[in-house]
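S.K.: Questions regarding the structure given below will be posed in turn.
The values are calculated or read from the model by the stated rules, or taken from the named source; none is laboratory data. Source: prediction; values computed, not measured. Please note: Cβ atoms are built from the backbone with ideal geometry, for glycine as well, and neighbour counts cover all protein chains shown. Areas reflect the complete protein model, heavy atoms only, side chains present, ligands, DNA and RNA absent. Shrake-Rupley method; radii C 1.70, N 1.55, O 1.52, S 1.80 Å.
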Amino acid sequence: MGAYSNDGLSLSPIYSFASSQDLRLSKHVHDNVHGNIYLDPLCLKFIDTEQFQRLRELKQLGMAHLVYPGAVHSRFEHSLGVYWLAGEAVQKLKNYQGLELDIDRFDIQTVKLAGLLHDVGHGPFSHLFEREFLPRVLDGHWSHEQMSVKLVDDIVDKHYIEIDPEMIRKVKEMILASSEFARPMGSGEKHFLYDIVANGRNGIDVDKFDYIVRDCRACGLGCNFQFQRLMESMRVLGDEICYRAKDYLTIHKLFATRADLYRTVYTHPKVKAIELMVVDALLKANDYLNISSFIQDPSKYWKLDDTIMKTIETTSNPELKESRDLIMRIRRRNLYQFCNEYAVPKDKLENFKDVTPQDIVCSQKNGGVILKEEDVAVSNVRIDLTRGRQNPLERINFFKDYESEDKFSIPDDRISHLLPTSYQDMIVRVYSKKPELVAAISEAFENFQLHTYGIKAQVHATPEKKKRRL
């Protein structure tokens with residue numbers, strides 16, 4: 001599907017989709033992952049709005065750039081990449097199975113638009129805003145997918161975009177397809193189209209194709225997963241996108257690479273330390289700036305992005321002093337100190353409950369410094385292959401060859417005994433908000449492990465040098 005650079009990432013020129021439309025009517029953009037991208041006139045109407053341009057101010061990986069300096073790419077370029085791959089995917093299905101699947105221009109445009117707008121409602125600082133800040137200040141559950149749907153309507157209304165209401169309805173359903181708010185589809189729908197952008201069926205979608213390759217490139221990591229192979233070989237059987245049986249290990253590599261990114265980049269101990277500090281800064285600023293109120297109104301929400309941190313940092317309001325001090329600590333690398341971590345034993349995963357600062361403080365023995373809950377920060381890190389403790393490949397159907405009409409699942413023990421038998425890690429990390437408390441908190445953390453599991457589950461003791469730091 002085009003040429004590859006030496007590092008294995010796509011640098012493909014003009015794909016099949018590009019040749020299927022009049023490029024004179026499209027805007028040409030050169031992307032550092034996919035090469036030439038062509039933006040059609042309808043999608044440009046959405047791109048050239050303040051709501052979509054806001055994505056330029058949202059770093060794809062939140063605070064990871066403070067550990068991986070190259071990770072400064074934005075959700076804007078990721079959204080263009082997903083738009084392009086979504087168009088590529090549906091066009092390939094049309095080329096190979098067009099008469100059989102009855103894919104028309106309406107379908108192609110709908111899938112492309114869903115790819116473009118799938119993250120338009122995303123919050124600041126990657127998933128920190130949605131998963132760690134809002135649950136501390138709001139009752140109920142908020143999701144960026146729901147906000148994306150609201151912003152799609154807001155863009156259409158505010159900018160008087162002429163578009164078929166049925167197309168907008170389907171775009172919104174495709175955005176929600178992998179979320180808990182997915183809407184049931186009627187019997188007349190082409191269900192396979194909903195697998196392309198946000199696949200709620202088995203997790204293989206062009207959103208992951210783009211961010212896995214893009215994030216690896218930005219962080220300077222190797223990426224030996226090649227989504228192009230899957231794009232070329234996929235096929236619809238029984239209204240579901242299926243893959244060749246011999247591509248089983250390629251699909252496993254997709255999920256394994258994603259899990260590796262979570263462990264080495266997204267949840268890097270230093271990245272999590274910085275995120276914990278940002279959450280505390282936002283919580284302390286929320287009463288004054290009403291940050292959480294932005295989610296109530298799409299016409300207000302588009303004004304919220306990563307620059308909220310600079311707003312806090314540069315203001316002189318005394319009400320924001322504590323938040324300013326925390327951000328200054330981040331700037332000066334005076335971070336919450338990582339004490340230690342452990343992986344929850346496999347036989348304890350099913351009944352695991354998140355560890356809290358209270359659990360650590362209550363594990364302190366008498367004598368010495370007295371710890372308070374506000375001295376301790378805990379990060380409970382879940383890393384899986386997209387389906388919790390379940391193997392995501394069990395939900396994927398395969399086919400033997402292009403002459404066969406049968407689809408089937410493949411038990412992983414039929415492929416290799418080297419593949420993992422567990423599909424989720426749960427890592428508990430503890431941080432000290434004050435350098436002088438590292439020793440006391442590390443000891444309390446060890447006591448907690450002994451009381452909970454009967455052993456010290458951590459790999460090694462906290463280094464003495466770290467304990468002595470003042």
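S.K.: Based on this model, can you work out whether Met328 counts as open to solvent by 60 Å² or more (accessible area, probe 1.4 Å), assigned to a helix (DSSP H, G or I) and at pLDDT 95 or above? Outline the logic, then answer.
M.R.: Working: open to solvent by 60 Å² or more (accessible area, probe 1.4 Å): yes; assigned to a helix (DSSP H, G or I): yes; at pLDDT 95 or above: yes.
The answer is yes for Met328.
S.K.: Is one or more of the residues making up segment 378-386 polar (S, T, N, Q), part of a loop (DSSP other than H, G, I, E, B), at pLDDT 90 or above and open to solvent by less than 90 Å² (accessible area, probe 1.4 Å)?
M.R.: Step one: filter segment 378-386 for residues polar (S, T, N, Q), giving 379-380, 386.
Next, from what is left, pick out any that are part of a loop (DSSP other than H, G, I, E, B): 386.
Within this subset, residues satisfying the condition of being at pLDDT 90 or above are none.
So far as segment 378-386 goes, no, none of its residues is polar (S, T, N, Q), part of a loop (DSSP other than H, G, I, E, B), at pLDDT 90 or above and open to solvent by less than 90 Å² (accessible area, probe 1.4 Å).
S.K.: Do we find a residue being under 28 Å from Arg229 (Cβ atoms), surrounded by fewer than 20 Cβ atoms within 10 Å (Cβ to Cβ) and touching a Gly at 6+ places or on another chain (Cβ under 9 Å) anywhere in segment 70-88?
M.R.: Within segment 70-88, one or more residues are under 28 Å from Arg229 (Cβ atoms), surrounded by fewer than 20 Cβ atoms within 10 Å (Cβ to Cβ) and touching a Gly at 6+ places or on another chain (Cβ under 9 Å).
S.K.: Now for a different question. Give the residue that is farthest from the chain's Cα centre (by Cα), with candidates limited to residues of segment 428-447 that are among the small types (Gly, Ala, Ser) and open to solvent by less than 30 Å² (accessible area, probe 1.4 Å).
M.R.: Looking only at segment 428-447, we keep the residues that are among the small types (Gly, Ala, Ser), and these are 432, 439-440, 442, 444.
Those still in the list that are open to solvent by less than 30 Å² (accessible area, probe 1.4 Å) too: 432, 440, 442, 444.
On the way: Ser432: 27, Ala440: 35, Ser442: 31, Ala444: 33 Å.
Filtering segment 428-447 for residues that are among the small types (Gly, Ala, Ser) and open to solvent by less than 30 Å² (accessible area, probe 1.4 Å), the one farthest from the chain's Cα centre (by Cα) comes out as Ala440.
S.K.: Related question: So, in segment 342-359, of the ones that are assigned to a helix (DSSP H, G or I) and farther than 14 Å from Tyr453 by Cα, which residue ends up least open to solvent (accessible area, probe 1.4 Å)? Walk me through how you get there before you give the answer.
M.R.: Pass one, segment 342-359, residues assigned to a helix (DSSP H, G or I): 346-348, 357-359.
Within this subset, residues satisfying the condition of being farther than 14 Å from Tyr453 by Cα are 357-358.
Working: Pro357: 38, Gln358: 96 Å².
Only one residue fits best here, namely Pro357.
S.K.: Any residue that is open to solvent by less than 30 Å² (accessible area, probe 1.4 Å), touching a residue at least 40 places away in the same chain (Cβ under 8 Å) and over 25 Å from Lys253 (Cα atoms) - is there at least one of those in segment 362-374? Full working, then the answer.
M.R.: Quick first cut of segment 362-374, residues open to solvent by less than 30 Å² (accessible area, probe 1.4 Å) only: 363, 371.
Among the residues that remain, those that are also touching a residue at least 40 places away in the same chain (Cβ under 8 Å) are: 363, 371.
Narrowing further to those that are over 25 Å from Lys253 (Cα atoms): 363, 371.
Looking through segment 362-374, at least one residue is open to solvent by less than 30 Å² (accessible area, probe 1.4 Å), touching a residue at least 40 places away in the same chain (Cβ under 8 Å) and over 25 Å from Lys253 (Cα atoms).
S.K.: So, one more: For segment 310-324, check the following and say yes or no: at least one residue is aliphatic (A, V, I, L, M) and in contact (Cβ under 8 Å) with a residue 40 or more places away in the chain. Full working, then the answer.
M.R.: So in segment 310-324, the residues aliphatic (A, V, I, L, M) come out as 312, 320.
Filter once more, keeping what is in contact (Cβ under 8 Å) with a residue 40 or more places away in the chain: none.
Looking for residues that are aliphatic (A, V, I, L, M) and in contact (Cβ under 8 Å) with a residue 40 or more places away in the chain, one finds none in segment 310-324, hence no.
S.K.: Within segment 125-152, which residues are under 17 Å from Val279 (Cα atoms), hydrophobic (A, V, I, L, M, F, W, C) and touching a Lys or Arg at 6+ places or on another chain (Cβ under 8 Å)?
M.R.: Phe125
S.K.: Check whether at least one residue in segment 204-211 is in a loop (DSSP other than H, G, I, E, B) and either surrounded by 20 or more Cβ atoms within 10 Å (Cβ to Cβ) or modelled with pLDDT under 95 (or both), and report yes or no. Please lay out each step first, then the result.
M.R.: Within segment 204-211, the subset in a loop (DSSP other than H, G, I, E, B) is 204-205.
In the following step, the residues that additionally are either surrounded by 20 or more Cβ atoms within 10 Å (Cβ to Cβ) or modelled with pLDDT under 95 (or both) were identified as 204-205.
So far as segment 204-211 goes, yes, one or more of its residues are in a loop (DSSP other than H, G, I, E, B) and either surrounded by 20 or more Cβ atoms within 10 Å (Cβ to Cβ) or modelled with pLDDT under 95 (or both).
S.K.: Now a separate question. Note down all Cβ pairs under 6 Å where the first residue falls in segment 245-274 and is open to solvent by less than 10 Å² (accessible area, probe 1.4 Å) and at pLDDT 95 or above, the second is of a type in the set (Gly, Ala, Ser) and assigned to a helix (DSSP H, G or I), and they're at least six residues apart or on different chains.
M.R.: Going by the 6 Å Cβ cut-off, the qualifying pairs are Val265/Ala64; Val271/Ala64.
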